[in-house]
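K.L.:
Handing you this structure, nothing more for now.
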Amino acid sequence: VQASPSSKAGLVSQSGGLVWHIRALRHRQGLWAPFLAELGDWLALWQPPERHVLILGASAGWTIPPLFCDRFASIVCVDLDPLAPWLFRRLHPHAAITFLRRDVFTQLPELLAAYPHHAVLFSNILGQHGLHCPDPTLAEMTITQIKHRLFGRSWASYHDRLSHTIAEGALAPSGFDLPDHLPADVLAQRVGLVGECVDHLTQYALPTGPRHVMAWDINAQRRHWIEAGRVNIYGVTF
Ligand SMILES: C[S@@+](CC[C@H](N)C(=O)[O-])C[C@H]1O[C@@H](n2cnc3c(N)ncnc32)[C@H](O)[C@@H]1O
C-alpha cells in the first residue's frame, strides 16, 4: 500500500518539519538509540576521499553522528524545512556549514554542478519522495534515475524501503547485510512482515551490490526498514 501523497516538504510535512523535530527530541535518546548507533557504525565505514560533503535532506541532522561532521572541512546541507538550518547548527556546531533551501529532487543537477568536489550523502530523503509525489510510477522512476547522475561522485544513501505498524513493545531486530537489492515483497518476507506496509519505492535507488538493512522504530507503533549503501566514483557499491 502506498502512503497518500502530501504537499512538499517544509515546516509541516509528512517527511520532516515540526512533527519530525518533536519526534526526534522525544525518541532519539531512547527508542531511536539502537538504530542511531547502528547507523553511526555504518557511516563510520564510509570514508570518501573528498574533504567536503553535501548532505541532502539534512533536516536538523538528528540521525547524523556529531563525529561524522568533524571529518569534513566544510558541509553543505540542503532541506526545504525552514527550521532545519537553526536546529542543525545547534546539534552540529561545525564552523563551516552552508545551508540551502532547495528542492533536492528537481534541483539535483544544479546542486551537483555547484559542488563538484563534494561527496554526497542522501540522508534519509530518497524514501520520502513518494510521500510528496502524486504519481508513484513517476516517483519511483525519479528515485531510480538519481544514481545515474552520481556517476563520478562518491556518494552514500540511507533511505526507507518499507514501513509498517507494529505492536507496542515489539523489539526491533538487528540489521543484516544483503549481497544485492531485494524486491519489496521479498524483503517484506525476509523481515517476517505480515499485513499491510508502505513501499517507499527505493528498491532500485542503489546500484546493484551489497547493502545493509536496519530496523528503526520511529515511534512505539511504527517500524521503518532502512537500506543503506555506499557507492564509489565508478558506481561500485561497497
Ligand atoms: C526523514 S527527514 C530526514 C532526516 C534527517 N536526515 C535527520 O537526520 O534528521 C526527511 C527530510 O527530507 C526533507 N525533504 C523532503 N523532500 C525534500 C525535497 N524535495 N527537497 C529538499 N528536502 C526535502 C524534509 O524536509 C525532511 O527534513
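Residues are listed down the side, and each one gets a yes or a no for (1) in a loop (DSSP other than H, G, I, E, B); (2) of a type outside the set (S, T, N, Q); (3) modelled with pLDDT under 95:
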position	(1), (2), (3)
A172	yes, yes, yes
G195	yes, yes, yes
A205	yes, yes, no
V213	no, yes, no
R223	no, yes, no
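K.L.:
Got a sec? Which of D177, D185, D199 is of a type outside the set (S, T, Y) and in contact with a Gly (Cβ under 9 Å, 6 or more places away or on another chain)? Break it down into steps so the answer makes sense when it comes.
P.N.:
Numbers: D177 fails: in contact with a Gly (Cβ under 9 Å, 6 or more places away or on another chain); D185 fails: in contact with a Gly (Cβ under 9 Å, 6 or more places away or on another chain).
The unique qualifying residue is D199.
K.L.:
Same structure again: From the list T237, T202, which one is touching a residue at least 60 places away in the same chain (Cβ under 8 Å), among the polar types (S, T, N, Q) and either open to solvent by less than 20 Å² (accessible area, probe 1.4 Å) or touching a Cys at 6+ places or on another chain (Cβ under 7 Å) (or both)? First the steps, then the outcome.
P.N.:
Working: T237 fails: touching a residue at least 60 places away in the same chain (Cβ under 8 Å).
None of the other options fit; the residue is T202.
K.L.:
Say whether the condition of being at pLDDT 95 or above and open to solvent by less than 50 Å² (accessible area, probe 1.4 Å) is met by at least one residue in the range 9-21.
P.N.:
If we filter the range 9-21 for residues that are at pLDDT 95 or above, which is where we start, we get 21.
Right, trim to open to solvent by less than 50 Å² (accessible area, probe 1.4 Å) and you get 21.
Among the residues of the range 9-21, at least one is at pLDDT 95 or above and open to solvent by less than 50 Å² (accessible area, probe 1.4 Å), which makes the answer yes.
K.L.:
Would you confirm, using the coordinates I've provided, whether L31 is more than 9 Å from the ligand (Cβ to nearest atom), at pLDDT 95 or above and in contact with a helix residue (DSSP H, G or I) (Cβ under 8 Å, 6 or more places away or on another chain)?
P.N.:
Details: more than 9 Å from the ligand (Cβ to nearest atom): yes; at pLDDT 95 or above: yes; in contact with a helix residue (DSSP H, G or I) (Cβ under 8 Å, 6 or more places away or on another chain): no.
Answer is no for this residue.
K.L.:
Quick one: how many residues across the range 205-232 are surrounded by fewer than 19 Cβ atoms within 10 Å (Cβ to Cβ), small (G, A, S) and out of contact with any Pro (no Cβ under 9 Å at 6 or more places or on another chain)?
P.N.:
Total meeting the criteria: 1.
K.L.:
For residues in the range 125-169 being touching a residue at least 60 places away in the same chain (Cβ under 8 Å) and of a type in the set (D, E), which is nearest to N232 (Cα to Cα)? So that I can check it myself, show each step before the final result.
P.N.:
To start, the set of residues in the range 125-169 that are touching a residue at least 60 places away in the same chain (Cβ under 8 Å) comprises 125-134, 136, 139-140, 143-144, 147, 150-163.
From what is left, the residues that are of a type in the set (D, E) are 140, 160.
Working: E140: 23, D160: 21 Å.
Filtering first and then ranking leaves D160.
K.L.:
So which of P93, P85, P109, P116 ends up being closer than 28 Å to D41 by Cβ and either at pLDDT 95 or above or in contact with a His (Cβ under 7 Å, 6 or more places away or on another chain) (or both)?
P.N.:
On the way: P93 fails: either at pLDDT 95 or above or in contact with a His (Cβ under 7 Å, 6 or more places away or on another chain) (or both); P109 fails: closer than 28 Å to D41 by Cβ; P116 fails: closer than 28 Å to D41 by Cβ.
Sole residue among the options that is closer than 28 Å to D41 by Cβ and either at pLDDT 95 or above or in contact with a His (Cβ under 7 Å, 6 or more places away or on another chain) (or both): P85.
K.L.:
Report, ordered by the first and then the second residue, all pairs with beta carbons closer than 9 Å, sequence separation of six or more or different chains, a first member in the range 104-124 that is on the phi > 0 side of the Ramachandran plot, and a second member that is within 15 Å of the ligand (Cβ to nearest atom) and among the polar types (S, T, N, Q).
P.N.:
Here the result reads N124/S15; N124/S59; N124/T63; N124/S157, each pair linking the range 104-124 to a residue that is within 15 Å of the ligand (Cβ to nearest atom) and among the polar types (S, T, N, Q).
The values are calculated or read from the model by the stated rules, or taken from the named source; none is laboratory data. Small disclaimer: the values here were computed from a predicted structure and weren't measured. Neighbour counts run over all protein chains shown; Cβ positions are idealised from the backbone, glycine included. Side chains are part of the model used for accessible areas, which takes the heavy atoms of the whole protein and leaves out ligands, DNA and RNA. Shrake-Rupley method; radii C 1.70, N 1.55, O 1.52, S 1.80 Å.
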